[in-house]
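Worksheet for the structure shown next.
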Amino acid sequence: MPMPSDAMNYETLFDKAPCGYVLADKDGRIVRSNQTFLAWTGHVGDEILGKRFSDLLPIGGKIFYETHFAPSLHMQGNFSEVALDIVGRDGSKIQVLANAALLPASDDGPAVIHFAIFRAAERRMYEKGLLEARDKAEEAIKSERADSELREQFIAVLGHDLRNPLASITSGVHMLGKESLSERGNKVVGLMMGSVVRASALIDNVLDFARGRLGGGITLARSSKPLEPALRQVVSELRSVSPGRTITAHYEIDEPIDCDHTRIGQLLSNLLGNALTHGAKDLPVQVDAKRTEHDLVIAVTNGGKPIPAKALERLFQPFFRGNERLQHGLGLGLHIASEIARAHGGTLVARSDKIATTFILTMPIAQANK
Amino acid sequence: MAGELHQIERIDTGDATPIASLIEQQLNARELGVGQRAMMFAHGYGCDQNMWRYVAPAFEQDFRTILFDYIGAGGSDLGAYDAQKYASLSGYADDVVALGRAMDVRDGVFVGHSVSAMIGLIAARRAPELFSALVLVGPSPCYIDDADYVGGFSRDQILELLEFLDSNHMGWSQAMAPVIMGNSERPELAEELTGSFCRTDPEVAKQFARTTFLSDTRAELGEVDARVLILQCRDDVIAPPSVGEYVRNAIPGSELVHLNATGHCPNLSSPVETIAAIKAFV
């Protein structure tokens, strides 16, 4: 292929190259530079001869050159991709990337350092933008973390402070329940008890949710003991605060189960509360708890309108409250229940058709008993 | 994981050398040479023990030579970096003392380049039994001009340097890629592939620059038990000749030798002259 004669001319290749060339002796004193470099920097060829390459750098670059650039160049023979500012003749700073190679002394002459200089203003601006964006993101994360911590503390304190008066109300209602009251009085006390139970469950769920979101996750206090008493207690609690509703329960758990009994109780309480709220009021709610060969299975079933397929997908997301306007609670109950299942290595699924809606916890016990 | 295991293997099977102490491992310390008296080489800011590669071998016949990397540089254990400790040269001096004691150095020679000259001086004050001779290559107790004292830089210039380091990818060689690190079957591959000297973690480089160039250790000068040699280069922008003279005048009995070498790193640019000056002194 024929080549234009100019391209064969190495002088031209050197002088007109689309990058700056600077040649220096081994101490970094400039012995030659190309026209491109002079045009970029405004320096005059004769004036920079004999100057040190580092003399063309502002102070930061100069110190960097002496302490890292030059030593590395001497040791490994080359040093590349360094972001530098070169001070032009008029004092302006030209942003560049520099590559350097040290060619050792040979028969052709003494050692020479070759610098190839590339303008990099755009790229440096881009990098600067990236760095600023990173710093901003780090700042934002930091302040976000601080906020989170504050929120966590706030929620923890709030939860604690709410529980105390709630406990007083609970014992007060219990005491009233033992008095001989009018029929109306008994009814009011029953309603109050129901509210207390629901409020206490809400506090538990909110605290768990906050902990889960803020990195703590659901923590388990496992022990191996019979589970049935814990489940029975939840059922009877909800029975007592749901007059007029039928809850049937069936237990087939003969052995102790290794799990967090309080948490599984909380899970059942959330499922049962959900079934009582959303199920048809005239149909019973059924609890089935059994141990299969490998799993613990707890199912809560209610009758009534089926849950739409679309809603089923999002059922376990926090703050999901279906389409109904009038709703109890924050929509955290099912989310927390599924988190409790997950913490136990189990799953919580929902099935719903025209006849019944069932939530099923399946939790491996073979693994849990190890 | 594989990498960690391999390292343990290497230490266990390494010739007849006993298992290295923690500080030796953290500082990537190496002991060479067949002599009795210890000679410890300490690198300066921006580099690692490789910067002694042309000088240290010349002393292996007569000395037990010790090389190491400060935490954050070269092959040191980056996990041992503690920003608070290394915010002052005193923290680095503590490491030199700990290393000297771990490696049983007594009446040895300390050769410190650049900021390490002052680190060595602090270490020698703290543990006088370690070194009976100090070779300070391009020392500067304070880089910033202060009243009559000429350090070579104005405070603004040093702040400009620190800002420059903050805002630029300066070509610090990053730590080796994890993929290469994990190659436990051929650990030497990592060395070969990077082939890069003076590796310094960019974050550490910034902080070490701050510690180094904002330090003022003039109070550490003065009477010292060890004999002191100061090597001063021509045309050294980091530590100009006036600073070398200041150090000589401030340490009674110290000896100042002007090298023909130019720049800040005579150990690299003029190793022969550097070796001769150290030999004449020890």
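The values are calculated or read from the model by the stated rules, or taken from the named source; none is laboratory data. As the structure is a computational prediction, the values presented were derived from the model and not from experiment. Note that each Cβ is placed from the backbone with ideal geometry, even for glycine, and that neighbours are counted across all protein chains shown. Surface accessibility is based on the protein's heavy atoms, side chains included, excluding ligands, DNA and RNA. Shrake-Rupley method; radii C 1.70, N 1.55, O 1.52, S 1.80 Å.
Per residue of peptide B:204-210, the mean number of Cβ atoms on other chains within 10 Å of the residue Cβ is 1. Using only side-chain charges placed at the Cβ, +1 for Lys and Arg and -1 for Asp and Glu, the dipole size of the protein assembly as shown relative to its Cα centre rounds to 3220 debye.
Within a straight-line Cα-Cα reach of under 19 Å, B:K279 can be paired with the following aspartates and glutamates, leaving aside sequence neighbours fewer than 8 residues apart in one chain: B:E60, B:D62, B:D107, B:E255. Between 0 and 90 degrees, the angle of helix A:228-240 with respect to the longest Cα principal axis of chain A falls at about 70 degrees.
Classify segment A:223-364 as rounded, prolate or oblate, taking a ≥ b ≥ c as the square roots of the eigenvalues of its Cα gyration tensor: rounded when a/c is under 1.5, otherwise prolate if a/b is larger than b/c and oblate if not. Prolate is the answer for segment A:223-364, as a/c is 1.5 or above and a/b outweighs b/c.
Of the residues B:L99, A:Q95, A:T67, the one whose Cα sits farthest toward the positive end of the charge dipole of the protein assembly as shown, with +1 on the Cβ of Lys and Arg and -1 on the Cβ of Asp and Glu, is A:Q95. Taking amide hydrogens as placed 1.01 Å from N in the peptide plane, the amide H of A:I218 sits under 5 Å from that of no residue at least 5 positions away in sequence or on another chain. If I build a Gaussian network model for chain A, linking alpha-carbon pairs within less than 10 angstrom, which residue out of A:I59, A:I117, A:I264 has the largest mean-square fluctuation? Evaluated over chain A, the most mobile residue of the options is A:I59. Dividing the helix sum by the residues of chain A, where each DSSP H run of 4 or more adds -39500 (n - 2.57), gives a mean residue ellipticity at 222 nm of -15000 deg cm²/dmol.
Which angle between 0 and 90 degrees, to the nearest 10, do you get for helix A:261-278 versus the longest principal axis of chain A when only C-alpha atoms count? The angle comes out near 70 degrees. Based on Cα contacts under 8 Å between residues 6+ apart, chain A shows a relative contact order of 10 percent. Relative to the longest principal axis of the Cα atoms of chain A, the long axis of helix A:333-343 makes an angle of roughly 70 degrees.
Of A:T36, A:T246, A:T357, which has the largest mean-square fluctuation in a 10 Å C-alpha GNM of chain A? Ranking A:T36, A:T246, A:T357 by mean-square fluctuation puts A:T36 first. Taking GluC sites (Glu not before Pro) as exposed when their DSSP state is a loop state and no more than 10 other Cβ atoms lie within 10 Å, the longest site-free interval of chain A runs over A:1-178. Per the Cα gyration tensor, chain A maps to an equivalent ellipsoid with semi-axes of 80, 23, 20 Å, ordered largest to smallest. Note on A:51-62: average number of Cβ atoms from other chains within 10 Å of each residue's Cβ is 4.
Listed cross-link partners A:K93/A:K136; A:K62/A:K136; A:K281/A:K354; A:K128/B:K206; B:K85/B:K206 are compared with a 22 Å cut-off, the Cα-Cα value being larger for A:K93/A:K136; A:K62/A:K136. Within chain A, antiparallel bridges make up roughly 90 percent of the DSSP beta bridges whose residues both belong there.
Looking at the square roots a ≥ b ≥ c of the eigenvalues of the Cα gyration tensor of segment A:5-119, which shape do they give, rounded for a/c under 1.5, prolate if a/b is larger than b/c, or oblate? In terms of gyration-tensor shape, oblate. Could you check how much of the accessible area of segment A:5-119 is carbon and sulfur, as a whole percent, using a 1.4 Å probe? Result for segment A:5-119: 53 percent of the exposed heavy-atom area is carbon or sulfur.
Mean-square fluctuations from a GNM of chain A, with a 10 angstrom spring cutoff on Cα atoms, peak among A:I340, A:I113, A:I141 at A:I113. For A:K290, the lysines whose Cα falls under 19 Å of its own Cα, not counting residues fewer than eight places away in the same chain, are A:K225.
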